[in-house]
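Have a look at the structure below, then the notes.
No value in this document is a laboratory result; all are computed from the given coordinates. As the structure is a computational prediction, the values presented were derived from the model and not from experiment. Using ideal geometry, Cβ is built from the backbone for each residue, glycine included, and neighbour counts are taken over all protein chains shown.
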Amino acid sequence: MTDVLIRAEGLSVGFQLGGGLFRKDILQAVNNVSVTIEKGSFFGLVGESGSGKTTLGRALLKAVPITEGHARYNDGEVDVDIASLEGPALKDYRKRAQLIFQDPYAALSPRMTVRDIIAEPLEVMKLTKTREETDARVREIAAKCRLNLEHLRRFPHAFSGGQRQRISIARALVSGPQFIVADESVAALDVSIQADVLNLLKQIQADMGLTFMFISHDLSVVAHTCDHVAVMYLGRLVETAPTRKLFAGPRHPYTKALFSAIPSLDPDDRGKAQKLTGEIPSPTNQPPGCKFHTRCPNAIDRCKSEEPQLEGDGSGHEVACHRWKELMELTPA
């Protein structure tokens, strides 16, 4: 039986908008999400911009408050409820769960050397006692991220985008975490550099036994790296499955639309992207029923009034759609 590192049940994150006396809208960024992330896995989270991917990742890091539901972290040494963490327990969790930011240009202080950037978590968390011990740890992690001693003496402006992202990765790894949230960590890089960084993350995962949540809007990147993929739409999970199963047979209409938009090198396949019509509901005033029904070409009256729940087939493939079985039968083999 595979161990579970993160288990979230009914997790919701809401933000209050406006400061009016009579009206205070709530933006429900994540709504009733249940997800399981196994130890040592590379878990992918995909969806359009504004779907709640980043908020879910930050909620699992306790970087934003969880308004409803529960999320447990259990690495074998500690077993904690993430939502209730505070004080020393939260500080300890910061050692175990770290974030790799999207933009390596904005994430690094231009006034600090690479050595000081990587060493800062060790000093803030007081994980080392002497400068020699700190330097030894910094050199060890830098080598894993393909940074040499000369790099440690320089400032971030002297590096390319791919090198800066490796510095960001080293800073996230230096505290010895078990769980890493990589938030669009290759989106700001040239395509030629993305593969190098992705291969580095996979190698680090294998060498250090880490668990990754990889947030992306690029399905081709997710296919290359992830073991399991969850698809988000307007704060909810609409489909989740092992990567091969999802790419072999997406079931939710939204997932199918995302897959149809993947660029193809075959000239005959061009122009086959499914165009979604209709309006995207406001996050502060979501309609009843399935949140995708305003754009779904297969929506029926039931979809407009009854919200579907994730339903599995026993193989780890779950989908939140009232008509998925019916639509599978209608799809030609």
Cross-link table 202/275; 144/245; 39/62; 53/291, entries beyond 26 Å C-alpha to C-alpha: 202/275; 144/245
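As a test of understanding, state the convex hull volume per residue of the chain from its alpha carbons, in Å³.
Values: hull volume 55.6 nm³, N = 333.
In the chain, the Cα hull volume divided by residue count equals 167 Å³.
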Residue-span extension gain [residue 120 to residue 306] - 0.36 nm each, minus C-alpha spacing: 62.0 nm
Area projected by the alpha carbon convex hull of region 1-159, averaged over all directions, nm²: 12.9 nm²
Förster radius 30 Å - calculated FRET efficiency between residue 79 and residue 16 (Cβ-Cβ, nearest 0.05): 0.45
Order of 218, 190 - criterion: other Cβ atoms within 10 Å of each residue's Cβ, fewest first: 190, 218
Options 274, 134, 145, ranked by Cα towards positive dipole end of the chain, top entry (Cβ charges): 134
³J(HN,Hα) computed for each position of region 204-209 - Karplus, 6.51 cos²θ - 1.76 cosθ + 1.60, integer Hz, glycine/proline x: 5, 4, 5, 6, 9, x
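I need the calculated FRET efficiency for the pair residue 92 and residue 63, taking r as the beta carbon distance and R₀ as 22 Å, to the nearest 0.05. Each step should come with its number before you reach the end.
Working: r = 15 Å, r/R0 = 0.70.
Once rounded, the FRET efficiency stands at 0.90.
Once a ≥ b ≥ c are taken as the square roots of the eigenvalues of the Cα gyration tensor of region 73-133, is the result rounded (a/c under 1.5), prolate (a/b larger than b/c) or oblate (a/b not larger than b/c)?
Numbers: a/c = 2.67, a/b = 1.51, b/c = 1.77.
It is oblate, given that a/c is not under 1.5 and a/b is not larger than b/c.
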Cleavage-rule hits (trypsin sites (Lys or Arg not before Pro)) in region 149-184: DSSP loop, at most 13 neighbouring Cβ within 10 angstrom: 153
